[in-house]
1. As an exercise: evaluate Thr47 against (1) in a loop (DSSP other than H, G, I, E, B); (2) of a type in the set (Val, Ile, Thr); (3) at pLDDT below 75 and give the number of the one condition it does not meet.
2. Just name the residue that is surrounded by the fewest Cβ atoms within 10 Å (Cβ to Cβ) out of those in the stretch 10-24 that are aliphatic (A, V, I, L, M) and assigned to a helix (DSSP H, G or I).
3. Tell me the residue from Glu16, Glu27 that is touching a helix residue (DSSP H, G or I) at 6+ places or on another chain (Cβ under 9 Å), modelled with pLDDT of 85 or more and on the phi < 0 side of the Ramachandran plot, please.
Amino acid sequence: MALFSYIRDKIEKAMESPEERDRKWEEHLRGVQAAAAQAKANMTHPTKAWGFWRDGKHLGKYEQNADPAVSKLPGRRAVNLAE
């Protein structure tokens, strides 16, 4: 019987206590909840400034795509073979 109690004591020492496991889990959950709340708060911020589309780079891209000579170049759109 002494052997069984020795083995049981060794196993119990190797195992973590339920209170310690619950404390770690609570700590992890609180961290995840805080990170989720922070991410949710950051999602309300705008990603681009007002009037970003008036920038020369954006207008240049629009004008390039609107140009008929460029828009008919190969590879711009799928070819309609029905015409």
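1. Exception for Thr47: condition (3).
2. Here is the first cut: in the stretch 10-24, the residues aliphatic (A, V, I, L, M) are 11, 14-15.
Checking the rest, the ones that are also assigned to a helix (DSSP H, G or I) come to 11, 14.
Numbers: Ile11: 9, Ala14: 7.
Looking at residues that are aliphatic (A, V, I, L, M) and assigned to a helix (DSSP H, G or I), I get Ala14.
3. Working: Glu27 fails: touching a helix residue (DSSP H, G or I) at 6+ places or on another chain (Cβ under 9 Å).
Within the list Glu16, Glu27, the selection yields Glu16.
The values are calculated or read from the model by the stated rules, or taken from the named source; none is laboratory data. Being a predicted model, the structure only gives us computed values, none of them experimental. All Cβ positions, even for glycine, are placed from backbone atoms using ideal geometry, and neighbour counts span all protein chains on display.
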